[in-house]
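Asks: Pasting in a structure now, in structure tokens, and then I'll have a few things to ask.
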Amino acid sequence: MLRNIFSLDTATAKRVFGLDIMRAAAILIVVDAHATIALKEYYSGAFWHHLLPDGVELFFVLSGFLIGGILIRSYEKKATFDRQLLLNFWTRRWFRTLPNYYLVLGGLIAFALLQALRSGLQHKLPDNGTLITYFFFLQNFAHYIPDFFPETWSLAIEEWSYITLPLVLWVFHMLLSARWSRQRIVLSTILFIIIGTNLYRFITALQIPITEGELGYRGIVITRLDAISYGVLAAYIKNYFPVSWRDDALRRRFLRIGLALTLLAAFTSSIFIIKYYGDFGLFPAYTFYKRTLYFPAIGLSMALLMPYMDGWRMATGPWARFGLAQAITHISLISYSMYLLNLTPIMITFVERIPTTSLAIGWLKVGLFWGLVLVLSTLLFKFFEKPVTQLRERISAKEPTQLVSERVNE
């Protein structure tokens with residue numbers, strides 16, 4: 001019975017195993033970082049942690065690749081961009097993300113109010129004005145996110161990217177479709193967002209003294225609207241240059257370069273090496289780099305992984321044995337629920353309240369944390385996220401999985 005409750009349909013017929021690996025790796029890196037909170041002062045750091053890429057940035061690139069591909073194929077299939085396409089795109093995106101988010105957000109608010117009612121003390125929620133911003137993803141639109149439900153900074157960036165990307169594409173289509181091809185309009189849209197956001201960061205980085213640090217640009221919507229665009233750029237190449245995209249030699253070459261650059265970016269921005277920048281007088285240059293060039297560098301380096309991972313259609317060899325592929329697909333499926341549940345609902349609200357009196361207790365808390373994350377995320381996905389996502393199939397049009405030209409050629 002328990003096996004039926006926690007089992008998911010992990011059939012791989014319509015899935016790409018390489019992309020499942022990327023999604024699973026991204027969420028495991030994020031949850032691993034939050035798990036160390038349980039160790040408190042007993043956490044001494046691990047060198048291999050400094051070589052891990054930023055899981056959130058990996059999510060951004062992967063999301064951009066998938067969402068960008070959908071938008072490009074929808075645009076090409078319809079041969080125009082109109083209100084109907086835009087609303088269908090938003091409907092399908094928001095049915096995927098909003099119900100789960102509002103359920104968890106509402107649960108956290110209700111829990112805080114009930115806890116205050118029981119204790120007779122003032123609740124620890126933000127003021128009403130701040131709390132309302134969470135319902136419209138404005139909690140970190142122009143400043144760093146408040147302490148409440150802080151992990152949603154990345155979801156806000158993604159949601160606003162879902163709004164700005166198709167809107168810019170629509171405007172470009174209306175202004176330029178009489179003279180430019182759809183391919184050129186798509187590329188111009190991507191470059192406009194990437195260049196525009198980077199230019200904004202660069203100008204503000206010059207205006208604000210280096211002594212004020214990195215400025216929290218990583219977690220502010222208006223400074224990260226390019227976050228998913230590096231993945232969209234990869235989707236552009238896949239859809240308009242399919243022969244090069246499928247070239248095995250190029251895929252392997254880009255994979256090696258992408259892995260090397262991603263690990264280099266991770267290590268050179270890690271806590272381990274920051275002290276050396278100060279020792280050698282490089283800290284101001286490092287701070288300026290983290291305000292500006294770091295974001296396109298990490299985005300493009302991860303985008304280089306996409307051709308190889310997208311070409312890894314099925315699990316074979318050791319990956320297909322011992323249930324490893326099934327476990328990876330399972331983690332990939334529940335990754336969004338893991339993202340929403342792991343930090344505030346599980347770690348901060350529950351696990352962190354257990355006193356860490358020794359290293360052994362700390363590790364027991366880590367184990368408890370992981371167990372709760374995996375179990376509760378599986379249940380949330382199976383009994384809420386998945387049914388709600390399936391509901392969108394009845395109220396929205398399905399989106400094409402390949403370009404019309406590809407179907408004709410094949």
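The values are calculated or read from the model by the stated rules, or taken from the named source; none is laboratory data. Being a predicted model, the structure only gives us computed values, none of them experimental. A quick note on method: Cβ atoms are made from the backbone with ideal geometry, for glycine too, and the neighbour counts reach across all protein chains shown. The area values use the complete protein model at the heavy-atom level, side chains included, leaving out ligands, DNA and RNA. Shrake-Rupley method; radii C 1.70, N 1.55, O 1.52, S 1.80 Å.
Asks: Going by what's in this entry, would LEU376 be described as out of contact with any helix residue (DSSP H, G or I) (no Cβ under 7 Å at 6 or more places or on another chain), assigned to a helix (DSSP H, G or I), at pLDDT 90 or above and open to solvent by 70 Å² or more (accessible area, probe 1.4 Å)? Give the derivation first.
Replies: Working: out of contact with any helix residue (DSSP H, G or I) (no Cβ under 7 Å at 6 or more places or on another chain): no; assigned to a helix (DSSP H, G or I): yes; at pLDDT 90 or above: yes; open to solvent by 70 Å² or more (accessible area, probe 1.4 Å): yes.
Spelling it out, it is not the case that LEU376 is out of contact with any helix residue (DSSP H, G or I) (no Cβ under 7 Å at 6 or more places or on another chain), assigned to a helix (DSSP H, G or I), at pLDDT 90 or above and open to solvent by 70 Å² or more (accessible area, probe 1.4 Å).
Asks: Filter region 329-354 for residues that are of a type in the set (A, V, I, L, M, F, W, C), open to solvent by 30 Å² or more (accessible area, probe 1.4 Å) and in a helix (DSSP H, G or I) and give the result. Write out each step before concluding.
Replies: Of all residues in region 329-354, those of a type in the set (A, V, I, L, M, F, W, C) come to 331, 333-334, 338, 340-341, 343, 346-348, 350-351, 354.
Among the residues that remain, those that are also open to solvent by 30 Å² or more (accessible area, probe 1.4 Å) are: 348, 350, 354.
Passing the criteria: only ILE348.
Asks: Let me ask you something else. Pull up region 97-114, narrow it to residues that are touching a Ser or Thr at 6+ places or on another chain (Cβ under 9 Å) and open to solvent by 30 Å² or more (accessible area, probe 1.4 Å), then point me to the one that is nearest to SER161 (Cα to Cα).
Replies: Checking each candidate, the answer is PRO99.
Asks: Moving on to the next point. Those residues that are touching a Lys or Arg at 6+ places or on another chain (Cβ under 6 Å) and among the hydroxyl-bearing types (Ser, Thr, Tyr), I need them from region 336-387; list them, please.
Replies: THR356
Asks: Among the candidates ALA315, ALA325, ALA320, single out the residue that is at pLDDT below 95, open to solvent by 40 Å² or more (accessible area, probe 1.4 Å) and of a type in the set (Gly, Ala, Ser).
Replies: Numbers: ALA315 fails: open to solvent by 40 Å² or more (accessible area, probe 1.4 Å); ALA325 fails: open to solvent by 40 Å² or more (accessible area, probe 1.4 Å).
Going through ALA315, ALA325, ALA320 in turn, the sole match is ALA320.
Asks: Follow-up. Here are the criteria: (1) touching a Phe, Trp or Tyr at 6+ places or on another chain (Cβ under 9 Å); (2) surrounded by fewer than 18 Cβ atoms within 10 Å (Cβ to Cβ); (3) touching a residue at least 40 places away in the same chain (Cβ under 8 Å); (4) within 23 Å of TYR144 (Cβ to Cβ). Tell me which single one SER270 does not satisfy.
Replies: (1)
Asks: Now for a separate question. For region 302-341, which residues satisfy the criterion of being β-branched (Val, Ile, Thr) and within 30 Å of GLY107 (Cβ to Cβ)? Explain how you work it out, then say what you get.
Replies: Applying the first criterion (β-branched (Val, Ile, Thr)) to region 302-341 yields 316, 328-329, 331, 334.
Matches in region 302-341: ILE328, THR329, ILE331, ILE334.
Asks: Another question about this same structure. Under the condition of being out of contact with any helix residue (DSSP H, G or I) (no Cβ under 6 Å at 6 or more places or on another chain) and either farther than 21 Å from SER154 by Cα or not in a helix (DSSP H, G or I) (or both), which residue from region 216-235 is modelled with the lowest pLDDT? Don't jump to the end; show me each part of the working.
Replies: Step one: list which residues in region 216-235 are out of contact with any helix residue (DSSP H, G or I) (no Cβ under 6 Å at 6 or more places or on another chain), which gives 216, 218, 220, 222.
Now drop any that are not either farther than 21 Å from SER154 by Cα or not in a helix (DSSP H, G or I) (or both), which leaves 216, 220.
Values: GLY216: 93, ILE220: 97.
It comes out as GLY216.
Asks: Might you let me know whether region 52-60 holds any residue that is open to solvent by 20 Å² or more (accessible area, probe 1.4 Å) and within 18 Å of ARG93 (Cα to Cα)?
Replies: Yes: region 52-60 contains one or more residues that are open to solvent by 20 Å² or more (accessible area, probe 1.4 Å) and within 18 Å of ARG93 (Cα to Cα).
Asks: Look at GLY216 and say whether it is surrounded by fewer than 16 Cβ atoms within 10 Å (Cβ to Cβ) and at positive phi.
Replies: Considered against the rule, which asks whether it is surrounded by fewer than 16 Cβ atoms within 10 Å (Cβ to Cβ) and at positive phi, GLY216 comes out as yes.
Asks: If you go through region 128-159 one residue at a time, how many are aromatic (Phe, Trp, Tyr) and crowded, with 20+ Cβ neighbours inside 10 Å?
Replies: Narrowing region 128-159 to residues aromatic (Phe, Trp, Tyr): 134-137, 141, 144, 148-149, 153.
Narrowing the set further to residues that are crowded, with 20+ Cβ neighbours inside 10 Å leaves 134, 137, 149, 153.
Looking only at that region, the number is 4.
Asks: Scan ALA38, ALA33, ALA79, ALA26 and give me the residue that is open to solvent by 40 Å² or more (accessible area, probe 1.4 Å), among the small types (Gly, Ala, Ser) and either farther than 18 Å from TRP170 by Cβ or touching a Pro at 6+ places or on another chain (Cβ under 6 Å) (or both).
Replies: Values: ALA38 fails: open to solvent by 40 Å² or more (accessible area, probe 1.4 Å); ALA79 fails: either farther than 18 Å from TRP170 by Cβ or touching a Pro at 6+ places or on another chain (Cβ under 6 Å) (or both); ALA26 fails: open to solvent by 40 Å² or more (accessible area, probe 1.4 Å).
From the options ALA38, ALA33, ALA79, ALA26, the qualifying one is ALA33.
Asks: Scan region 270-285 and give yes if some residue there is assigned to a helix (DSSP H, G or I), of a type in the set (Lys, Arg) and modelled with pLDDT under 90, otherwise no.
Replies: First, the residues of region 270-285 that are assigned to a helix (DSSP H, G or I): 271-279, 283-285.
Still in the list and also of a type in the set (Lys, Arg): 275.
Now restrict to residues that are modelled with pLDDT under 90: 275.
Checking region 270-285: at least one residue is assigned to a helix (DSSP H, G or I), of a type in the set (Lys, Arg) and modelled with pLDDT under 90.
Asks: From TRP94, TRP90, which residue is open to solvent by 50 Å² or more (accessible area, probe 1.4 Å) and assigned to a helix (DSSP H, G or I)? If you could, list the steps in order and put the result at the bottom.
Replies: Numbers: TRP90 fails: open to solvent by 50 Å² or more (accessible area, probe 1.4 Å).
Exactly one residue qualifies, and that residue is TRP94.
Asks: So, one more: List the pairs whose first member sits in region 380-394 and is in contact (Cβ under 8 Å) with a residue 24 or more places away in the chain and closer than 14 Å to TYR336 by Cα, whose second member is open to solvent by less than 60 Å² (accessible area, probe 1.4 Å) and of a type in the set (Ser, Thr, Tyr), and whose Cβ atoms are under 7 Å apart, counting only residues at least 6 apart or on separate chains?
Replies: If the second residue must be open to solvent by less than 60 Å² (accessible area, probe 1.4 Å) and of a type in the set (Ser, Thr, Tyr), the pairs left are LEU380/SER337; PHE381/SER337; GLU385/TYR336; GLU385/SER337.
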